[in-house]
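The next block holds one structure in the form of structure tokens; read it before the comments.
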Amino acid sequence: MKRNLWVFWALAAVLIVSIGIQAQTTTKIKGVVFADYNYNVGNHSESAQGLNDFSFRRIYFTFENSLAKNIKMRFRLESAHPKFGTSEKITPFVKHAYLEWKNIIPNHTLYLGIAETNAFKNAENYWDYRSIEKTIMDLNKISSSADMGIALKGSLIDEKVHHWLTIYNGTGYGSAEVDKYKKIGYSFWVTPVEGLILEAYADYEKQDAATATFKYAKDYYQGSSYMTVKAFAGYSGKAFSLGAEWFQRSNRQSGADDAAGVNRADVRKVGFSLFGSWITPLPKLKVFARYDSFDPNTDDDIWSSDSQNGIDDNYSLIIAGLDFIPRGNIHFMPNIMIRKFAAAGMESDITARLTLYYKFSTGKIVI
């Protein structure tokens, strides 16, 4: 009897272990925090000069779980302090919620849900200081960093030729679709030698003027379509990295009416960004700098809702700072941001900041 009981428990143990091996999944919990102390040294608005605050600019909480071989899901919440002077509480929202299926096509990954967009991801990786500021396209709301839809990303030739196709709503991660049209984006890049990237990108979406009162982040279009083209080049070495990005966004028929009041003018937005970072000989210390130039309306003879009567509405942005890494994934980064406006007599915005950036992770938990 005892022998049969031992055999029973041994078989039960083998069965439980075998089921566990077959059903085991890998789970990872991780997060990112950007926190600042901001002080307005100068500002084009006299009432904003001298304002200062402590704030969380970003808090990520991410859950990832492998559902099967080559298949995993991600769920990410994001939160941050509201704008200065408001009484709203920190409120989390869904930033990512997608299924990722690797090798559904050889060397390709399929994404389904609210996932990253391909407009500026490579440039953001080479800039490597999203903790300080968004890339120029993200900062000026040319594209959302995430959107709802389907995407396919992969490599073509010896992992030196890559591409990324997205078919998204075009409204970003925080809004529902508002018309029947979809935003098509395509990124193509090559990495001929280690550290070097050369990328071309384009996107297009037709607009329904009767229903599409906005597309992504309150940018008002009401045109017949919009199209973006961009080029990016970057290099990352052992001690430094460099990047250069240029883009043009064309919003068709989104400007002022012509003299007859029949056709609306096109509005073109153009910008370029130069950036770099360097690991200094001093231990645990890096330096970084960036220069942006952005014109929200390149035609000075038309009126546009996002410009000052279409004249002198461009600006430049200078960012510089130090990155001290005392331990692990903890960064203390004193930095300064100077926004210079082309409009005559308009004072520059100068903000001095101390930024704290850190990441955390459980590592992989096998269940």
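Readers should treat all values here as calculations from the given coordinates under stated rules, not as data from a laboratory. Here the structure is a predicted model, which is why all the values come from computation and not from measurement. In this analysis, Cβ positions are derived from the backbone assuming ideal geometry, glycine residues included, and neighbour counts consider all displayed protein chains.
General observations
- Along the stretch 190-197 the Karplus relation, 6.51 cos²θ - 1.76 cosθ + 1.60 evaluated at θ = phi - 60°, assigns HN-Hα couplings of 10, 10, x, 9, 4, x, 9, 9 Hz to successive residues, with x for each Gly and Pro.
- Between the stretch 80-112 and the stretch 331-367, the C-alpha centres lie 20 angstrom from each other.
- Cross-link check: pairs 28/284; 121/141; 160/230 evaluated at a Cα-Cα cut-off of 22 Å; pairs beyond the cut-off: 28/284.
- Estimated from the Cβ-Cβ distance and a Förster radius of 51 angstrom, the FRET efficiency linking residue 196 and residue 46 is about 0.65.
- Counted charge near residue 283, where neighbours are those whose Cβ lies closer than 13 Å (Asp, Glu -1; Lys, Arg +1): +2
- Top positive-direction residue, dipole computed over the stretch 32-366 with Cβ charges, set 142, 354, 66: 66
- Using the Karplus relation 6.51 cos²θ - 1.76 cosθ + 1.60 with θ = phi - 60°, the per-residue 3J(HN,Hα) values for the stretch 41-50 come to 5, x, 7, 5, 9, 4, 5, 8, 5, x Hz, with x marking Gly and Pro.
- Between amide H atoms placed 1.01 Å from N, distances below 5 Å from residue 181 occur with no residue 5 or more places distant or on a separate chain.
- Residues with amide H under 5 Å from that of residue 58, placed H, sequence gap 5 or more: 34
- Binning the C-alpha pair distances of the stretch 32-366 at 20 Å intervals from 0 yields a P(r) profile of 26, 61, 12, 0 %, listed from the shortest bin outward.
- Other residues lying with their Cβ under 10 Å from the Cβ of residue 122 contribute a combined charge of -2, Lys and Arg counting +1, Asp and Glu -1.
- Residue-count net charge about residue 161 - beta-carbon cut-off 14 Å; Lys, Arg +1, Asp, Glu -1: -1
- For the peptides 106-113, 43-50, residues were scored by their other Cβ atoms within 10 Å and the scores averaged per peptide; the highest-first order is 106-113, 43-50.
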